[in-house]
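A short worksheet on the structure shown next.
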Amino acid sequence: AMAFDEAGRRLITGGNDGTVRMWNFSNGQCLKELRTGSHQEVSSVLFILEGQNKLIVAGGWSRKVLVWRDDSSSTAVSVEADRKLAGHTEDIISIAFSSPNLLATSGYDGRILVWNLDSGIAKFTLAIPNLRELEIDQRAIWQLLFLDSRSQALCAVGADGYMRFWNVKEGVLAWEQHARHGKGESVVALATDATNSFLYTGDSAGNLKMWDIHLFLNVAGLKQDKAIEELQYWRAHSASITSLDYIERHELLLTASSDSKIKMWHVNPERVTLAGVFGDGSA
């Protein structure tokens, strides 16, 4: 797990040995270790800038959400977490934040916890519908993404192949539909543009989809199959997608995969073209 600070000068990493470290990205120097109190894998790291507050949030197999204040005046090389939020009963996979104080965390058990980051209190526990009917390996929620321009809708994708849109203000499911990525494939990655007009999804086989969601309303009880329109579907990688990011300035979709390649794509509703490839997969 990795995340940059707001300036892109420091890299925060989470390891499978339970370590969270902050690095000078220019020279590779380890600046400090953020202590987790555990040797269990850290699967998600997030840097949050909200007003004057800078926070680092991490979660993983310890099933706790750890929060550190990014104090630039501190010279300590080993820092204890300021807060440890407990509530998950299974491993944490993904973390997402929406201003001013909403934090969402998802787990292997098909549940999402929505937190007030100021108070550290869990506002809602959201669960996949008919959760008990799913096999255990079909319950994981692999990625969360807040759609701030869609009334802070929380999009979640996972092992069962569905896209779900949650209204986290009311704690209800606004809409769900199968992403049709392929039989048995998990949807494992999400990205969106600045206006949340388009949504990008990636699966465990290396395929990507582009969706038009500009008509989506974050209201429960509405039929919204016409508001979420599939625009593009293409094979991007030869193995699972591991990360997606939309670069607004250049209108590029950046994709990473376990096939050891990073690719850049020009994407629009009419066509998709490959803009560049990093890595040849020979390592």
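List of remarks:
- For the chain, built as a Gaussian network whose Cα springs stay under 10 Å, the top-fluctuating residue of SER240, SER197, SER74: SER74
- Rule-of-thumb Rg ratio for the range 138-283 [Cα; 2.2 N^0.38 Å; N residues]: 1.02
- With every protein chain in place, the range 1-51: carbon and sulfur % of accessible area (1.4 Å): 46
- Mean-square fluctuations from a GNM of the chain, with a 10 angstrom spring cutoff on Cα atoms, peak among PHE25, PHE216, PHE124 at PHE25.
- For the chain, dividing the convex hull volume of the Cα atoms by the residue count gives 140 Å³ per residue.
- Residue-normalised accessible area of the range 95-244, expressed per residue, 1.4 Å probe, Å²: 41
- Long pairs among LYS32/LYS84; LYS183/LYS209; LYS54/LYS84; LYS209/LYS263; LYS169/LYS209, criterion Cα-Cα beyond 21 Å: LYS169/LYS209
- ASN24-HIS39 pseudo-label distance in nm [points 7 Å out on the Cα-to-Cβ vector]: 3.1
- Considering only HIS88, HIS250, HIS266, the mean-square fluctuation computed in a Gaussian network model of the chain, springs between alpha carbons under 10 angstrom, is largest for HIS250.
- Cα gyration tensor shape of the range 1-160, rounded if a/c is under 1.5, else prolate or oblate by comparing a/b with b/c: prolate
- Spatial separation of Cα centroids for the range 239-283 and the range 22-89, in angstrom: 28
The values are calculated or read from the model by the stated rules, or taken from the named source; none is laboratory data. Here the structure is a predicted model, which is why all the values come from computation and not from measurement. Cβ sites come from the backbone with ideal geometry, for glycine too, and all protein chains shown count toward neighbours. For the accessible areas, the whole protein counts, side chains as well, though only heavy atoms, and no ligand, DNA or RNA atoms are used. Shrake-Rupley method; radii C 1.70, N 1.55, O 1.52, S 1.80 Å.
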